[in-house]
Amino acid sequence: MRVRHFSTPVVLTTLALGVLFVGQATAVDPPAKSSGDVAAINNDLAFRILETLRETSPSENLVFSPAGVTVALGMVLTGAEGETAAEIENLLRGAHERCDLHATLSRLAINGSAGKDAATLNTHNRLWGDESLDCHPAFLDQLRSTYNAEMFLLNFADQSEMAIQEINGWIADQTQGRIGDLVGPESITPATQLVMTNVVDFRGPWVKPFMEDLTQEMPFEVSSGKTANVLMMQQVATLPYQETESYRAVQIPYRGGRFAFCVILPQKPHDLNSLEAEFHSASVHEILEKAEMKVVDLELPRMKSSTSISLKQVLQDLGVRQAFELSADFSAIGSNETLLLSDVLHQSFIEVDEQGTEASAATAAVFSKSIPTVEVEFHVDRPFLYMVADRHTGAIVFLGRMMAPAQTEKSTP
């Protein structure tokens, strides 16, 4: 096997996880036509999020689950009305106006495996509501039937720390301990009323594992003229391969044939940002549909990557604004509290080695009471003028000035 340098970073962002969740029937079969809406909606959102994140961290590792974020936003949409719902729906639906959005998104919330010892994809959704929250039965019914999400009651008002432990503990259980600190005291407070959580967990053994004794240190060119030694896995295998003027792509299949790990290399060295900028949902479809079986001399870094982000600013940049404002309309959730979306948190983890891939992601949409944000501080701690006024007539009833309020002595315990 030839030993050669990697001259360009591998795409380790949505291009990896996004293709995982699209899946395929066999190593070279294109996705079924009936899956078009769900794949297009998911992948369109994936690349819009990637574009926004790239602007803030163009040179950092990044991994996230578009499928997890999409499902979480679908659950949020269930409780929205009016302009709040319209903004979320516009982001999710895009150009796909004719599909039944919730029915389409529900396909992302289905667990999948192609048989014993095959790759498995498990998704879990759960609602965590404050004991005081009065939810509409129709809201709970739709989340249960469409997203398989049940409601569990917590005492956010008086026991927020315990609520944090409960939510993080459940997420850790679903991700086999990979993610256990998604929410914290900065996101879960006594004002929290509802948390919608989604977990995506993937376990995929390779059809053809890499031989560990072939793994060796090799240079990886992280930037022009700068290399780092990494553990490079090696094998020669017949794999689906696609090449265009912009990129080369190879698919490494997992057992069962439904899922594949897709690696996309830019044709031009150190041009990953340009490739990401022009990559879109149709590019993924092209890779899966037009790939041809080739004998590939493959060298792939053994890797581990994780990302923890707030998606609030990302979603606002993509047009979902009212949901985070005092004017938010989540009246479809319940009748006793006015709610707004305070944050959308996301964590993802992926590990790729000689045996296969383990990847987990968790998303939490946190709703809080719609408490007005302090806009002005007015501290009366110096002499002032005051009056009692009749606001109907405009007449002053009492007028005064206060130079020195009566002093009081603080009692000592």
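The values are calculated or read from the model by the stated rules, or taken from the named source; none is laboratory data. None of these values were measured; they are calculated from a predicted model. Here the Cβ positions follow ideal geometry from the backbone for every residue, glycine too, while neighbour counts run over all protein chains shown.
Structure notes:
- Residue within region 54-75 that is surrounded by fewer than 22 Cβ atoms within 10 Å (Cβ to Cβ), part of a helix (DSSP H, G or I) and touching a residue at least 12 places away in the same chain (Cβ under 8 Å) present: yes
- Matching residues in region 323-378 - criterion: being touching a Cys at 6+ places or on another chain (Cβ under 9 Å) and modelled with pLDDT of 95 or more: Ile333
- Yes/no for Ser274 being part of a strand (DSSP E or B) and surrounded by fewer than 18 Cβ atoms within 10 Å (Cβ to Cβ): no
- Pick from region 226-263, criterion hydroxyl-bearing (Ser, Thr, Tyr) and in contact with a strand residue (DSSP E or B) (Cβ under 8 Å, 6 or more places away or on another chain), ranking: nearest to Lys208 (Cα to Cα): Tyr254
- Candidate set: region 76-96, residues that are among the acidic types (Asp, Glu) and exposed (fewer than 15 other Cβ atoms within 10 Å of the Cβ); chosen: the one nearest to Val314 (Cα to Cα): Glu83
- Subset of region 286-336 that is of a type in the set (Gly, Ala, Ser) and closer than 30 Å to Glu60 by Cβ - its residue that is surrounded by the most Cβ atoms within 10 Å (Cβ to Cβ): Ala323
- Residues within region 341-358 that are assigned to a strand (DSSP E or B) and either touching a helix residue (DSSP H, G or I) at 6+ places or on another chain (Cβ under 6 Å) or not small (Gly, Ala, Ser) (or both), tallied: 12
- One residue from Asp117, Asp213 being acidic (Asp, Glu), more than 22 Å from the chain's Cα centre (by Cα), at pLDDT below 95 and surrounded by fewer than 21 Cβ atoms within 10 Å (Cβ to Cβ): Asp117
- Residue satisfying all of: in region 287-335; more than 21 Å from the chain's Cα centre (by Cα) and basic (Lys, Arg); farthest from Glu375 (Cα to Cα) among these: Lys294
- Count of residues meeting criterion [hydrophobic (A, V, I, L, M, F, W, C) and out of contact with any Phe, Trp or Tyr (no Cβ under 9 Å at 6 or more places or on another chain)] in region 137-185: 12
- Boolean, Ala149 is within 17 Å of Thr363 (Cβ to Cβ) and in contact with a Ser or Thr (Cβ under 9 Å, 6 or more places away or on another chain): yes
- Residue tally, condition in contact (Cβ under 8 Å) with a residue 60 or more places away in the chain and in contact with a strand residue (DSSP E or B) (Cβ under 7 Å, 6 or more places away or on another chain), over region 264-294: 10
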